[in-house]
1. If Leu153 passes every condition in (1) at pLDDT below 95; (2) farther than 20 Å from Lys14 by Cα but one, which one does it miss?
2. For the range 179-200, enumerate the residues that are loosely packed, with under 14 Cβ neighbours inside 10 Å and either among the charged types (D, E, K, R) or in contact with a helix residue (DSSP H, G or I) (Cβ under 7 Å, 6 or more places away or on another chain) (or both).
3. Can you find a residue that is under 17 Å from Ala73 (Cβ atoms), at pLDDT 95 or above, of a type in the set (Phe, Trp, Tyr) and in contact with a helix residue (DSSP H, G or I) (Cβ under 7 Å, 6 or more places away or on another chain) anywhere in the range 209-219?
4. Within the range 157-178, track down each residue that is within 25 Å of Arg19 (Cβ to Cβ) and buried (at least 18 other Cβ atoms within 10 Å of the Cβ).
5. Tell me which residues, restricted to the range 131-140, are buried (at least 20 other Cβ atoms within 10 Å of the Cβ) and either hydroxyl-bearing (Ser, Thr, Tyr) or more than 26 Å from Ile9 (Cα to Cα) (or both).
6. In the range 3-19, what count of residues is obtained for those that are part of a loop (DSSP other than H, G, I, E, B) and either in contact (Cβ under 8 Å) with a residue 60 or more places away in the chain or touching a Gly at 6+ places or on another chain (Cβ under 9 Å) (or both)?
7. Taking the condition surrounded by 14 or more Cβ atoms within 10 Å (Cβ to Cβ) and at positive phi, does Gly143 pass?
Amino acid sequence: MFESEKDLIKAVQKTRLVRKPLQLLATFGTTIINYYVITEPIYSDIDESKKETVVRTGRVNSGKPQIITPTYALNLKGFSSEAYKYLEFISNKFGVNSPGVLYQYKNEPGKLNILNGSVEEVSNNIIKELNTKKDKLTAVIVGVDELWDVSLLKFIHDFTSESLVSNVNEFNSRGLLQPQAQFGGVPKAAIQRIEILFNQVEFGADPEILKKELDRWGLFDHYEERFLNLFK
């Protein structure tokens with residue numbers, strides 16, 4: 001357990017991405033990033049004669065990036081009260097339908113191994129092996145043992161930020177961020193998503209999913225007659 005924010009800051013400052021994935025997050029699909037988080041063991045301060053390194057593996061599953069607006073986000077569950085206040089601020093400053101991109105991740109931890117050798121030696125060996133395999137979707141991160149997941153989160157944040165520009169450019173190239181005046185200015189991507197859900201419900205999908213999506217976009221009144229006709 002860390003004792004203060006200083007521990008978090010220290011962990012972030014000590015985190016180094018020594019091999020980044022050679023591809024960015026996909027704009028129109030899911031991306032699975034494998035990772036190695038390499039750290040000095042906690043006991044290294046006690047016994048400096050041992051040159052051992054902790055290697056944690058796993059993968060981060062990134063869902064398909066989703067275009068959202070402050071209105072949509074305010075209707076999602078799971079954010080903190082501070083996050084909702086921030087969304088309200090964004091809504092007031094840029095508009096209720098100013099588009100943004102939502103990224104969702106699932107971490108799937110793998111194995112933990114303790115290897116002989118220093119952090120530099122072990123990381124260099126892993127990088128050499130990955131490069132030999134021409135692996136494009138594996139990251140190697142040097143972090144802090146007791147806060148290794150903070151090091152992983154820093155990598156995810158930085159990698160997302162790096163991918164954002166490319167993702168937004170691709171959304172723009174397809175006109176998916178364009179506001180649709182007849183639907184109150186919500187992005188084109190939202191209307192496409194709703195049409196897909198209507199089609200799925202017609203073929204037996206759960207209409208509650210469609211209802212929630214309409215509510216999140218504030219569009220149920222616009223689609224109410226069409227939605228109710230699904231049950232006739």
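1. Going through (1) at pLDDT below 95; (2) farther than 20 Å from Lys14 by Cα one by one, Leu153 breaks only (2).
2. Passing the criteria: only Glu195.
3. yes
4. Phe159, Ser163, Asn167
5. Within the range 131-140, the first condition is being buried (at least 20 other Cβ atoms within 10 Å of the Cβ), and the residues that meet it are 138-140.
Of everything in the range 131-140, just one residue is buried (at least 20 other Cβ atoms within 10 Å of the Cβ) and either hydroxyl-bearing (Ser, Thr, Tyr) or more than 26 Å from Ile9 (Cα to Cα) (or both), namely Thr138.
6. Looking only at the range 3-19, we keep the residues that are part of a loop (DSSP other than H, G, I, E, B), and these are 3-4, 15.
Remaining after also requiring either in contact (Cβ under 8 Å) with a residue 60 or more places away in the chain or touching a Gly at 6+ places or on another chain (Cβ under 9 Å) (or both): 15.
Going through the range 3-19 one residue at a time, the tally reaches 1.
7. Values: surrounded by 14 or more Cβ atoms within 10 Å (Cβ to Cβ): yes; at positive phi: no.
So Gly143 fails the test.
To keep it simple, each residue is scored yes or no on (1) assigned by TED's automatic domain parsing to the domain that holds Ile114; (2) in contact with a helix residue (DSSP H, G or I) (Cβ under 8 Å, 6 or more places away or on another chain); (3) modelled with pLDDT under 90.
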site: Tyr43; (1), (2), (3): yes, no, yes
site: Arg56; (1), (2), (3): yes, yes, no
site: Asn75; (1), (2), (3): no, yes, yes
site: Lys93; (1), (2), (3): no, no, yes
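The values are calculated or read from the model by the stated rules, or taken from the named source; none is laboratory data. Bear in mind the structure is a predicted one, so any value in this text is a computation, not a measurement. Counting neighbours? That spans all protein chains shown, and the Cβs are built from the backbone with ideal geometry, glycine included.
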